[in-house]
1. Looking at the range 82-110, which of its residues are aliphatic (A, V, I, L, M) and in contact (Cβ under 8 Å) with a residue 40 or more places away in the chain?
2. What number of residues within the range 162-179 are free of Cβ contacts under 8 Å to residues at least 12 places away in the same chain and surrounded by 15 or more Cβ atoms within 10 Å (Cβ to Cβ)?
3. Restricting to the range 21-45, count the residues that are among the β-branched types (V, I, T) and under 15 Å from Q226 (Cα atoms).
4. Taking F37 and the conditions (1) over 14 Å from P240 (Cβ atoms); (2) buried (at least 16 other Cβ atoms within 10 Å of the Cβ), which numbered condition does it fall short on, given that it satisfies the others?
5. Which residues, taken from the range 135-161, are closer than 24 Å to L219 by Cβ and surrounded by fewer than 23 Cβ atoms within 10 Å (Cβ to Cβ)?
6. In the list A162, A172, which residue meets the criterion of being touching a Gly at 6+ places or on another chain (Cβ under 7 Å), closer than 22 Å to N89 by Cβ and small (G, A, S)?
7. Would you check which residues across the range 125-134 are in a loop (DSSP other than H, G, I, E, B) and surrounded by fewer than 21 Cβ atoms within 10 Å (Cβ to Cβ) and list them?
8. Examine the range 238-257 for a residue that is under 22 Å from S196 (Cβ atoms), among the hydrophobic types (A, V, I, L, M, F, W, C) and free of Cβ contacts under 8 Å to residues at least 60 places away in the same chain, and state whether such a residue exists.
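The values are calculated or read from the model by the stated rules, or taken from the named source; none is laboratory data. Nothing here was measured: the structure is a model prediction, and the numbers come from that model. Cβ placement follows ideal geometry from the backbone for every residue including glycine, while neighbour counts extend to all protein chains displayed.
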Amino acid sequence: MRSEGNGWFDCAPERFWWQTPLIKLMKTAPMPKHIAFIMDGNRRYARSHCYSSVLDGHAKGFDQLTKILEWCRELCIKEVTVYAFSIENFNRAEEEVGGLMTLFENKLQRLFREKDKLIEKEISVRFFGDLSYLPTKVQKLVAQIELLTKDYKKSVINVCIAYTAQDEMKRAFTYISRGIQKGLLEENDINEYLISHCLDSRKSANPDLLIRTSGEKRLSDFLLWQCSNCYIHFDDVLWPDFDFWHLCKAVFGYQCNYSLIQKIGQESTEYIDEERKRKVNEFLEWFEEERLASLQRMANAKD
């Protein structure tokens, strides 16, 4: 069954007569600006449909992701973050991990070939995770795509690959430790503001809505810091079956709880004095230069 499949922009989700009026109605209430997805259920979908390999389920899941991205654009949701591959997933069968890396490589090659669409739509594609876990070819594509789109702000797609929240925090504190050793920071500079700006998500607002499919009611070490105040929606449907109606149901749940979510967010605001913020921002400029230099090395690596 596996093939190159759909590209990132050539999907044409089936439309029903009620979608346009429903979108208009939903936009009369507060809409989430950033939705995060735990795309769970691809393997169970493959088994339930008697596919020859679970990789066919992952390919089907990608095709559904392209539809979800299109629906999010229609709903004017500016930013989407997806949990594509956990560091823990490297413990799966070698055949599945190798097949997934090949699938990632094929899809990223396709995205890079479609870069004119990224430029036209001003879409920034960012990658969260420890990229050193990935094959060299995948690292190179990740770096090329992120560097190409880093200045776009019209919409954002964050792909979490070789990621866990614990590893993200560990990498953040490694950089903070280096900053202290270089004299750019002191230990008493460590606060919520600094930590947030050393995470992979530092350029993003925190998710307003987190959606997990497949009926599992856990976060699986995904964006634990960033999702502390967001609305979490669990859906029993498997990811490849997650459609426009399921998305609207999750957004409606967010809208119904909007006032409470806003109140919690306001209560957690931390005050940072201007002098400390200036010092921290100087460190963050160095940190960002280090990150860009690392991406440049990956992008220029020989195959």
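1. Listed by number, the residues that qualify are V82, A84, I87, L100, L103.
2. Result for the range 162-179: 1.
3. Looking only at the range 21-45, we keep the residues that are among the β-branched types (V, I, T), and these are 23, 28, 35, 38.
Subset that is under 15 Å from Q226 (Cα atoms): 35, 38.
Residues flagged as among the β-branched types (V, I, T) and under 15 Å from Q226 (Cα atoms) within the range 21-45 amount to 2.
4. Here F37 clears every test but (1).
5. Answer for the range 135-161, where residues must be closer than 24 Å to L219 by Cβ and surrounded by fewer than 23 Cβ atoms within 10 Å (Cβ to Cβ): V156, I157.
6. Just a single option satisfies the conditions, and that option is A162.
7. D130
8. no
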